[in-house]
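Report on one structure; see the data block that follows.
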Amino acid sequence: MNITYNGHSCFTLESNGKSVIIDPFLKDNPSAKIKPEDVKVDAVLVTHGHADHLGDAVEIAKQNDCQIIAPFELVNYCTERGAKGHPMHIGGAHDFPFGNVKLTIAFHGSTTDTGAVGNPCGLVVTMDNTSVYHAGDTGLFGDMAMIGPVDCALLPIGDNFTMGIDDAVKAVGLIKPKLTVPMHYGTWEIIEQDPYEFTEKLEKTGAKGRVMKAGDTIEI
Ligand code: NI
Ligand code: MN
C-alpha cells in the first residue's frame, strides 16, 4: 500500500490500482500540495464534520462520482448536498471494492456549519491485507488496545484539540502498530508541535515512527 500525506489529517491510501482519500481538507489547508480538482479516488472517507476534516469531501466525491463513507449523520449532511454516500457507524465494518472499512470510537466533536452531525469516528482501512488506523481527532483512550493489529497508525499529536505528543506515545503502546505517522500538527500556531520529538520518544519505547511532509509518499 502507498500512503501519501496531504497535510493536516489528510491522507491518500492506494493499493492495487484503487485509492481512497481520508479527511480531504485541501482548499483551506495551508500545507496541502494538491487541490480538490487534482484528486482521483474510488471513495472519500471522513472521520467527522469539522471543517478541517470534512473539507472538500462533497466536491471531491461529486467530481469522482464516488461515495463518501462516514458516520450516518455526516453522510446525511453530504447527500443533502448532492454527494453519494455510504453510511456506517461505530463498530461496524464493510467490504467495498477497494477494501474494508471499520469505524472506531473517537472522543471528540462533530459539528458542521449547520450544527452537530452525530459522533466522530476513527477508521481502520484494510486494502490487500494491509491495514491503516486513522484515529481522526481524539483524545487518548484505553480501548485503543483493542483496535489492532494494524500495519500503520496515523495519530494526531497537535494537542489542544486532540492528543498531544506524550499521549500519542501512550496510544502507540496500546495499538502496537508496525509504524506510526503523526498528523494534525503545525497547520496553525495553536497545534504547533515538533513531530521529531514524537518519533524520538517513540524510538525510546522500541516503536517505529515516521514524519511525513505534505506531498510525501511511503510504501508499507
Ligand atoms: Ni475536529
Ligand atoms: Mn481537527
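Quick notes on this structure:
- Matching residues, segment 128-185, being in contact (Cβ under 8 Å) with a residue 40 or more places away in the chain, more than 16 Å from ligand 1 (Cβ to nearest atom) and among the hydroxyl-bearing types (Ser, Thr, Tyr): 130, 133
- Which numbered condition residue 75 misses (of (1) in contact with a Lys or Arg (Cβ under 8 Å, 6 or more places away or on another chain); (2) away from ligand 1 (no atom under 16 Å from the Cβ)): (1)
- The set of residues from segment 36-60 being closer than 12 Å to residue 127 by Cβ and either in a loop (DSSP other than H, G, I, E, B) or in contact with a His (Cβ under 6 Å, 6 or more places away or on another chain) (or both) comprises just one member, 42.
- Residue in segment 78-100 that is among the hydroxyl-bearing types (Ser, Thr, Tyr) and touching a residue at least 12 places away in the same chain (Cβ under 8 Å) present: no
- Matching residues, segment 164-192, being under 23 Å from residue 12 (Cβ atoms) and not in a helix (DSSP H, G or I): 177, 178, 179, 180, 181, 182, 183, 184, 185, 186, 187, 188
- Condition met for residue 60 (buried (at least 22 other Cβ atoms within 10 Å of the Cβ) and either within 16 Å of ligand 2 (Cβ to nearest atom) or modelled with pLDDT of 95 or more (or both)): yes
- Residue match in segment 112-123 (condition: away from ligand 2 (no atom under 16 Å from the Cβ) and of a type in the set (A, V, I, L, M, F, W, C)): no
- Condition check for residue 190: of a type in the set (Val, Ile, Thr) and surrounded by fewer than 17 Cβ atoms within 10 Å (Cβ to Cβ): yes
- Whichever residue in segment 161-195 is in contact with a Ser or Thr (Cβ under 7 Å, 6 or more places away or on another chain) and of a type in the set (Ser, Thr, Tyr) and, among such residues, is farthest from ligand 2 (Cβ to nearest atom): 187
- Cβ-Cβ under 9 Å pairs, at least 6 apart or on other chains, segment 13-39 side surrounded by fewer than 18 Cβ atoms within 10 Å (Cβ to Cβ), far side in a helix (DSSP H, G or I) and β-branched (Val, Ile, Thr): 37/60
- Of all residues in segment 1-35, those being assigned to a strand (DSSP E or B), within 11 Å of the chain's Cα centre (by Cα) and among the polar types (S, T, N, Q) number 1.
- In segment 107-117, of all residues being more than 9 Å from ligand 1 (Cβ to nearest atom) and part of a loop (DSSP other than H, G, I, E, B), the one that is farthest from residue 67 (Cα to Cα) corresponds to 107.
- Of all the listed residues (139, 158, 148), the sole one being surrounded by fewer than 17 Cβ atoms within 10 Å (Cβ to Cβ), within 14 Å of ligand 2 (Cβ to nearest atom), part of a loop (DSSP other than H, G, I, E, B) and more than 13 Å from the chain's Cα centre (by Cα) is 139.
- Selection within segment 63-74 - part of a helix (DSSP H, G or I), closer than 21 Å to residue 37 by Cα and touching a strand residue (DSSP E or B) at 6+ places or on another chain (Cβ under 8 Å): 64
- Among the residues making up segment 83-104, those that are out of contact with any His (no Cβ under 8 Å at 6 or more places or on another chain), part of a strand (DSSP E or B) and within 17 Å of residue 66 (Cβ to Cβ) are 84, 85, 87, 95, 99.
The values are calculated or read from the model by the stated rules, or taken from the named source; none is laboratory data. If you're wondering where the values come from, they're calculated on a predicted model, not measured in any experiment. Backbone-built Cβ (ideal geometry, glycine too); neighbour counts: all protein chains shown.
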